[in-house]
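Participant: Shown below is the structure under consideration.
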Amino acid sequence: MATNQTTGYEIPEEMRDFAEKSVEQARKAMDGFLGAAQKTVDTFEGSANTAQASMKDATRKTLTYAELNIAAAFDLAQKMVRAKNVQEAMQYQAEFVRSQVESMQTQMREFGTMAQSAMKHTTTKK
């Protein structure tokens, strides 16, 4: 007779360890890339006019948000490779999506404010 027990697929510990190491290596590589990008922005020289200053601020903010979003994705990846079953993985995914939607809304509001400020400064300088 068949039993009505459903057994969840257990992800082998070796597979989780391998995946976790891969995620960590990818994170380190991305950190190196972002560090180089940040240094490039730091060395950017331009005149002191408002448009260039605004663009530099927007570029820095973009890099900051990219770093935060990439870190969140890597955090999710680490949680996913450590998940012991599909339900746990789905919970992590749902939490990530909720958090990223909130972050995206905040980021878009801030970029909107920056754009309005830049436009205001540009029109008052004429």
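Just so you know, all these numbers are worked out from the coordinates, no wet-lab data involved. What you are looking at is a predicted structure, and each value in this text was computed from that prediction instead of being measured. Note that each Cβ is placed from the backbone with ideal geometry, even for glycine, and that neighbours are counted across all protein chains shown.
Participant: Taking the mean number of other Cβ atoms within 10 Å as a proxy for protection, how do you rank 57-64, 29-36 from highest to lowest?
Facilitator: Output ranking for 57-64, 29-36: 57-64, 29-36.
Participant: Return a whole-number percent for the relative contact order of the stretch 16-117, with Cα pairs under 8 Å and 6 or more residues apart as the contact set.
Facilitator: After rounding, I find 35 percent.
Participant: Over all alpha-carbon pairs of the stretch 64-126, lay out the pair-distance distribution in 5 Å bins, whole %, shortest bin first.
Facilitator: P(r) for the stretch 64-126, in whole percents per bin: 4, 16, 18, 17, 12, 9, 8, 6, 5, 3, 2, 1, 0.
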